[in-house]
Amino acid sequence: MRLSTRIALGAAVLVPLLVVAAGVLLLPLVNSDLHRRQDAQLNARAAALLPNARALLAADSRGRPKAEQNQQRKVLDAALDAGVRVAAADGTVLLTAGTQPDDPRLLPADPGAAVTINQQSSDLRVLTVRIDSGGTAGTLWVLAPAGEPSEEVRAVRRRVLLVALLAAPLSGLVAFGLAERATLPLRRLGRRAAALDPRAGQAVFAHARTGTAEVDELSGAIALLLSRYEEQAGRTEQALDTARSFSSAASHELRTPLMSLRTNLDVLAAHPDLPSVERAEVVEELQQDHARMLDLLSALSTLARGDLVEVSAFGPVDLAELVDAAVAEASRRHPGTVFQAELPSEAKVFGWDAGLRILLANLLGNAAVHGRPTDGPTDGPADGPSEVDVRLRLDGGTVRLTVDDRGPGIPPAERIAVFHRFHRRPDSPGSGLGLTLVAQQAALHRGSVAATDRPDAPGCRLEVRLPLLHPDHQTVQLPLERDWLTEKR
């Protein structure tokens, strides 16, 4: 059922009920007004009759029959159409005329406001007045039928019912017309929404204000829904692209270690009597290829997590505390490396806790693996433990993290390429994704990363800058397109 039809039916039912309810409240008021008007007439009639009734009572007390008869005629003339009853103090009735009660005992003895006497024939409205004439007392009753106000009340009741019957169709038609006009913007919005293609996005749903608050709110809600749908569709497409890139990268990079695994397994299968020394070399190569594949898959998975992270994962993080924990974990993983940390008491950033841990683990791991000091410019690694200096300092509105090692450093021509995926030295045991993960997390946290020479000694410095936490800007704007797994990186 249409909304306008529902409104019309509701009005057709409600308006007559309201009319009847108003009539129910009005009838007692009308009845009271009619009684007051009738009581006013009785009081006026009693005021006109009272002098003659007082004279009648005085003539009766003095025993003057002719004067009494004369006063009776005057009382009758003044009574007109009202019922009159005059009685002496001892109860002797001196005069009765017009409407009278079926039982005189029903008449009230005490004077006061007019009252209604209920009897079988017809109800009476009676006003009692005390007469005092020169020490002689008596009572005057003025009576009128109470049925006349009741007739008027019944007339009002009939009119109320008639108005209620006429109001039902009339109010329904008026309400239908008004509802049709009021819901016109809603119907237009419905037609636009029905013809809308969600794939077209929010841009095609341009909203013009109609002046109707409910319609404008609904239109705004639809526009918001489309924007969220568009954003979610973009995130879904990005997730699919990330999955395709993950599959492509994994299949490409795993081809070489898988071929090496297959070759070594064929050697072991073809030569069961292989000498123990050579067999141990083949098994060691198998273990290295297996570890390389595990590292590669783990790094690709971590890179994909960074591509798919949501803003809701970010929050206030103490970077100094994370660096301290990362240094302790790196010392445990690389017992041959000495880590020295210089940290402030606190360095709050707005970041992704897991992503910052990934950044720190790869920074420190890269320094531990590639930061061993050399004997000379062309010599290989020197004996002895490698040393890594980690410093975290506050620099204005940013926090500056530097990781210095004593290794051969990075040639200037390769200082950008080292952050590209799968870039590694020929003798590197890693997957070539460690610094790519560092660059990804720095970008996600609105920061930067750079590779330079160590300023105070031979070696390499990796420097990461991140914005400090600002109480008024506890948020990040993640780029919708994040493509660290694609060929563009």
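No value in this document is a laboratory result; all are computed from the given coordinates. If you're wondering where the values come from, they're calculated on a predicted model, not measured in any experiment. Note that we place each Cβ from the backbone using ideal geometry, even for glycine, and neighbour counts take in every protein chain shown.
Other residues within the sphere of radius under 12 Å centred on the Cβ of P316, judged by their own Cβ, net out at -3 (K and R +1, D and E -1).
Annotation: the residues V160, V399, V338, sorted from fewest to most other C-beta atoms within 10 Å of their own C-beta, follow the order V338, V160, V399.
Projected label points at S276 and L162, each 7 Å from Cα along the beta carbon direction, are separated by 12.5 nanometres. Amide H contacts of A347 (H built 1.01 Å from N, in plane; Pro and chain starts excluded): L319, A320, E321 sit under 5 Å, all sequence-distant by 5 or more or on other chains.
Packing around the peptides 277-287, 67-77, taken as the average count of other Cβ atoms within 10 Å per residue, puts them in this order, highest first: 67-77, 277-287. Ranked for footprinting exposure by Cβ neighbours inside 10 Å, fewest first, I117, I416, I358 give I416, I117, I358. Per-residue 3J(HN,Hα) values for segment 343-349, derived from phi via the Karplus relation 6.51 cos²θ - 1.76 cosθ + 1.60 with θ = phi - 60°, read 10, x, 5, 7, 8, 7, 10 Hz in sequence order (x marks Gly and Pro). Give the residues of segment 450-473 whose amide nitrogen is closer than 20 Å to a point set 7 Å from the Cα of E346 in the direction of its Cβ. Residues passing the 20 Å test: 466-473.
Once the chain from A194 to L14 is taken as fully extended at 0.36 nm per residue, the excess over their C-alpha distance is 61.4 nm.
The label point for L29 and the one for R393, both projected 7 Å from the Cα toward the Cβ, are 8.7 nm apart. Between Q232 and R73, the modelled labels are 10.6 nm apart [label points 7 Å from Cα along Cα→Cβ].
For segment 3-166, place one equal point scatterer on every Cα, skip the solvent, and apply the Debye formula. What is log10 of I(q)/I(0) at q = 0.17 Å⁻¹? For the requested q values the scattering log ratios are -0.96.
For A89, the residues whose amide H sits under 5 Å from its own are A137, ignoring neighbours fewer than 5 places away on the same chain, with H placed 1.01 Å from N.
Backbone phi angles across segment 214-220, fed through the Karplus curve with coefficients 6.51, -1.76 and 1.60 (θ = phi - 60°), yield HN-Hα couplings of 5, 5, 5, 5, 5, 5, x Hz in residue order; Gly and Pro are listed as x. Among T136, T183, the order by Cβ neighbours within 10 angstrom, fewest to most, reads T136, T183. Applied to segment 258-271, the Karplus parametrisation 6.51 cos²θ - 1.76 cosθ + 1.60 on θ = phi - 60° returns per-residue 3J(HN,Hα) values of 5, 5, 5, 4, 5, 5, 5, 5, 5, 4, 5, 6, 7, 10 Hz, with x for Gly and Pro.
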